[in-house]
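To start, the structure itself, in structure tokens.
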Amino acid sequence: MSSSDSEDPQECPLCAEDAPIELPAYETWLQCDVCEEWYHGICVGLLATECERIDKFHCKRCVEKHGPSSYKGPELRRSSRQHSSVDYTMLNEGQPATFNQYLLRLDGHEFMDDEFEHLDDGHEVTVEWLRSRDTNDPFVVESAQGLGMEMPESKITVAEIADIMGRETS
């Protein structure tokens, strides 16, 4: 059952205290048809489109006794390989492309400054310099100049990258 079918849900028991619930990914709610507890779709690992197809939702706690959730219409064919859900529209707009709740939390987190050695550009990274270091700690190269690397234009799309790399490349 979605949140539009009944009373407004109050709190998701699976959310961490710092969950970014103001993000659109947290707008879809499901109510367990057995215990009537409300959950964010993303917190139970479902996209909004998958939530729309659910006929009877059973939370993890109720599945053991009442069986899995049931879906409306024919069952979707799914690949047996494990993969993450990617929103290519968001990716093309420069937004996070996965609906991983932990990545969404990281987006709003403020991190301390790193303690890595910073180099101005790639010209400073030489074999001699690497051999003279007495540590394997990471280092940051501020500019790719001198590394022999070329970055794509900032407006490149996922489709363009797929065309360049080959659509069958994994």
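Annotation: amide H-H contacts under 5 Å for Phe139 (H modelled 1.01 Å from N, sequence separation of 5 or more, or interchain): none. Ranked by the mean number of other Cβ atoms within 10 Å per residue, highest first, peptides 131-138, 112-119, 26-33 order as 26-33, 112-119, 131-138. Distant-in-sequence amide contacts of Ile54, defined by a placed amide H-H separation under 5 Å and a gap of 5 or more residues or a different chain, comprise Lys72. Applied to the stretch 118-131, the Karplus parametrisation 6.51 cos²θ - 1.76 cosθ + 1.60 on θ = phi - 60° returns per-residue 3J(HN,Hα) values of 10, 10, 5, 8, x, 5, 7, 8, 10, 4, 4, 5, 4, 6 Hz, with x for Gly and Pro. Taking the stretch 143-170 and a reference point 7 angstrom along Cα→Cβ of Arg133, the backbone N atoms nearer than 15 Å belong to 143, 147. 3J(HN,Hα) along the stretch 29-36, derived from phi through the Karplus expression 6.51 cos²θ - 1.76 cosθ + 1.60 where θ = phi - 60°, amounts to 10, 10, 10, 5, 6, 9, 8, 6 Hz, with x in place of Gly and Pro.
Only loop residues by DSSP count here, and only those with at most 14 other Cβ atoms within 10 Å; note down the GluC sites (Glu not before Pro) in the stretch 129-170 that meet that.
In loop regions of the stretch 129-170 (DSSP not H, G, I, E or B), the sparsely surrounded GluC sites (Glu not before Pro) are Glu150, Glu153, Glu168.
Amide hydrogen proximity for Asp121: with H placed 1.01 Å from N in the peptide plane, the residues at 5 or more positions away or on another chain lying under 5 Å are Glu142, Ser143.
In order along the stretch 134-148, the phi-based Karplus estimate (6.51 cos²θ - 1.76 cosθ + 1.60, θ = phi - 60°) of 3J(HN,Hα) comes to 9, 8, 9, 4, x, 9, 10, 9, 5, 10, 6, 4, x, 8, x Hz; Gly and Pro are listed as x.
Inter-label distance, Glu142 to Leu47: 4.1 nm, where each label sits 7 Å from its Cα along the C-beta direction.
Rule-based calculations on the coordinates, nothing more; no lab input. No experiment lies behind these values; they were computed from the predicted model shown. Reconstructed Cβ throughout: ideal geometry from the backbone, glycine too, with neighbour counts over all protein chains shown.
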